[in-house]
1. Can you tell me, using C-alpha contacts under 8 Å and at least 6 residues apart, the relative contact order of the chain as a whole percent?
2. Would you calculate, for the chain, the mean residue ellipticity at 222 nm contributed by helices, counting each DSSP H stretch of 4 or more residues as -39,500 (n - 2.57) and dividing by all residues, to the nearest 500?
3. Quick check on the exposure proxy: order LYS48, LYS308, LYS254, LYS9 from fewest to most C-beta atoms within 10 angstrom.
4. Based only on other Cβ atoms within 10 Å, what is the fewest-to-most ordering of ASP75, ASP312?
5. If the cut-off is 22 Å between C-alpha atoms, which lysines fall inside it for LYS245, apart from same-chain ones fewer than 8 positions away?
6. If neighbour count is taken as other Cβ atoms inside 10 Å, put PHE257, PHE72 in order from fewest to most.
7. Which one of SER271, PRO118, ALA319 has its Cα pushed farthest toward the positive end of the charge dipole of the chain, where Lys and Arg give +1 and Asp and Glu give -1 at the Cβ?
8. How high is the relative contact order of the range 61-192, in percent, counting Cα pairs under 8 Å that sit 6 or more residues apart?
Amino acid sequence: MAEIGKDIKKSAALLTEGQLVAIPTETVYGLAGNALDENAVLQIFKAKNRPKFDPLIVHLPGIEQIHNYVEFIPDELKALAEAFWPGPLTLLLPKKSIIPDLVTSGLGKVGVRVPNHPLTRSLLDLVDFPLAAPSANPFGYISPTSASHVAHHLGDKLSYILDGGSCDVGLESTIVGMEQGQVIIYRLGGISVSEIEKLVGNVLILPQSSSNPQSPGMLKSHYAPRKPMVLGNLDELMQQYQNEKETLAVLSFKRFFPELKAANQIVLSESGDFDEAARNLFSAMRSLDDTAASIILAEELPEIHLGKAINDRLRRAAAK
Ligand code: TXA
Ligand code: MG
């Protein structure tokens, strides 16, 4: 089993040797390796059981390093980087050849981001290479937002888990790029659409529910619990499943259902706060997945603030 601790020097030494270390970020935990070491990158795909057509995000210590790895950055995307880095934003930019093709699954663009977590920022300052890191979950399962989530599923596949507590944002980064002068959101995430549009005007949101050639890894069924999950209006769903109350688990935005077992329901934010709901989402899905219930009913949130991104994750979790 991987050791869990807060030792940045040890993490740096292991990564320098080509080993894998799980790292905390503000979004979710990442399964990190030296992005410039093809063998380390190969180990990441293997540990996650991840298909090689699903490219990895490269994590940098700061915007200053970006030109070592990308050919150029359009003004619009630079404005986003300056506003939101360090933070939950990934930019797709034309890669330099120093980034192995394996990292980008052969695509010409590389996803880069500057994460915002003190331990990982110190770690990135300590090593002299960027870190390739997908979310530290087995391919297809719910992303990890704590060190114990990582240990639970991948503990035997890596050397060390750098424990940075639970993730502040709780949703993966928003992935943004440009094609023919148009800013495109490829994956909804921790920075909301309206925050991005405030800076660069109208953006195009790619359909999030299918894989597409630009982002081959954004598969429909993802972030999924093992139990079946049904998404919709909770009043209607409760009506529909009224004869199965004993076997239900419920994930709601703001309210408890007194007629259901307390242990089988989780409220994401009693005050209806979208940031709090995002922070609790993945951990709540894991907890309900571990109950004795046979099905999870989940509530769609209003499509404002992070509601859009939360609904995207819920839809993928419910997709078959
Ligand atoms: O918040 C995050 O982004 C977290 C933390 C660890 O940084 N990382 C993360 O990585 O969510 P991952 O691998 O679970 O999801 C990255 C997504 C994949 O679906 C992949 O298809 C897309 O980003 N992606 C990465 N590089 C890409 C590229 N060059 N072109 C298109 N899509 C890319
Ligand atoms: Mg992932």
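1. Contact order relative to length: 20 percent.
2. -8500 deg cm²/dmol
3. Lowest to highest Cβ neighbour count: LYS9, LYS254, LYS308, LYS48.
4. Final ranking by Cβ density, sparse to dense: ASP75, ASP312.
5. Counting by Cα, and skipping residues close in sequence, LYS245 has these lysines nearby: LYS227, LYS254, LYS261.
6. Ranked by crowding around the Cβ, least crowded first: PHE72, PHE257.
7. Value computed over the given set: ALA319.
8. So the answer I get is 25 percent.
Computed from the coordinates by the stated procedures, all read-outs in this text should not be read as laboratory data. The structure displayed is predicted, hence computed values, not measured ones. Reconstructed Cβ throughout: ideal geometry from the backbone, glycine too, with neighbour counts over all protein chains shown.
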